[in-house]
Amino acid sequence: MKEILQYLFNHHTLSKSEAKAIMIEIAQNKFNTTEVTAFISVFLMRNITLKELEGFREALLQMAVPVSIDTSDTIDITGTGGDGKNTINISTLASFIIAGAGQKVTKHGNYGASAVTGSSNVLEELGYQMNNDSGKLNKDLEKANICFLHAPYFHPALQSVGALRKSLGLRTFFNLLGPLVNPAKPKFSVIGVYNLEIARIYQYLLQKENSREFILVHGLDGYDEISLTQDTKIITKKGEEIYSAEDLGFDSVSPESIQAGSTIQETAKIFKNILNGKGTEQQNSVVLANASVALYHTHKFGSYDDCLLLAQESLESGKALKSLELLLE
């Protein structure tokens, strides 16, 4: 590791094969905590390159615990995290609305590292039992229209650096890998990114995969979601567009109105309140906007306006809540 660090500190970057080899060794615990911290710190001072991201990703997918799920028609909606905004768990809430609307979801998530509460924290607080059993995951998908894949249960490297990431409390390149390494490999992906430079790298990487349909979303004021606080850039294989809150059928919201709690327990309570139909207008708007764009992305449910109506019906009728309850059974 000393030679690798010296190489990187001299402003060099890694090839794809070098990045892959290092990630495999990190997963195998071949380096001590100080060495891994120093390695991660390199990428706090500069952006990751496309080749480095490809290598790290390939290593994680190669080492992943296999999962057997029919994902020919499933979607994942997730963000990189690390935007520092401490919002409610927008993509996870949107996932249950999507499931309630009739679209199967294979949700990939983790504990919060650079934020207080990740999707895994919330679901665990609500009583979900993490597992990596394909039989159980398939049953969840069948009865609840959603299954949850807790990243460390499928990726040894993420498990080995989990405590380190939490102690650092900073956005690292592991944030960027999460949305790219869903072991179920869903057909559709909606990925939120915290800056446009990272969006470009994702775009280059994902466009190589003809079998995968993706859209990237970026709130222009730094959110890795459609936040409705300012305009949103949405990038697809066909190009990119900027949408205002009004374009998506909503009024703008304030950053304060979509804040998470200061503890996991507070955030989980907000989460459940929203699915129970007790969310504020601003909270509901942000969650519905993300769910509607995701539904529209599948090209199965008609126009965007049709998808918005479908998402609203899922939330207001209790179908989204029912998906959560069925998952927790």
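The values are calculated or read from the model by the stated rules, or taken from the named source; none is laboratory data. Note that the coordinates shown come from a computational prediction; the quantities given were computed from them, not determined experimentally. Because the Cβ atoms are built from the backbone with ideal geometry, glycine has one as well, and the counts that use them run over all protein chains shown. Please note that ligands, DNA and RNA were not included when accessible areas were found on the heavy atoms of the full protein model with its side chains. Shrake-Rupley method; radii C 1.70, N 1.55, O 1.52, S 1.80 Å.
Points worth noting:
- Rounded accessible area of Thr33 (nearest 10 Å², 1.4 Å probe): 90 Å²
- Region 241-329: trypsin sites (Lys or Arg not before Pro) in DSSP coil with no more than 16 other Cβ atoms inside 10 Å: Lys278, Lys300
- Cβ-based net charge around Glu316, under 13 Å, with every Lys or Arg adding one and every Asp or Glu removing one: +1
- Rel. contact order, % - alpha carbon contacts under 8 angstrom, at least six apart, region 27-128: 20 percent
- Length-normalised contact order for the chain - Cα pairs under 8 Å, 6+ apart - percent: 22 percent
- To the nearest 10, the accessible area of Leu141 is 10 Å² with a 1.4 Å probe.
- Our helix-only sum for the chain, with -39,500 (n - 2.57) per DSSP H run of n ≥ 4 divided by its residues, gives a mean residue ellipticity at 222 nm of -14000 deg cm²/dmol.
- For the chain, the antiparallel share of DSSP beta bridges with both residues in that region comes to about 40%.
- Separation between Cα centres of region 167-198 and region 99-142, rounded to whole Å: 16 Å
- Selected from Asn131, Pro66, Ile40, residue furthest toward positive end of dipole (region 4-147; charges at beta carbon): Ile40
- Neighbour-limited loop hits for trypsin sites (Lys or Arg not before Pro), region 22-55 (at most 11 other Cβ within 10 Å; DSSP other than H, G, I, E, B): Arg46
- Per-residue SASA entry for Ser317, accessible area with 1.4 Å probe, Å² rounded to 10: 70 Å²
- When the residues Met130, Met63 are ordered by accessible surface, computed with a 1.4 Å probe over the protein chains alone, the sequence from largest down reads Met63, Met130.
- Per residue, the solvent-accessible area of region 76-221 (1.4 Å probe, heavy atoms of protein chains only, all protein chains present) comes to 32 Å².
- Rounded Å value of the spacing that divides the Cα centres of region 3-48 and region 201-273: 30 Å
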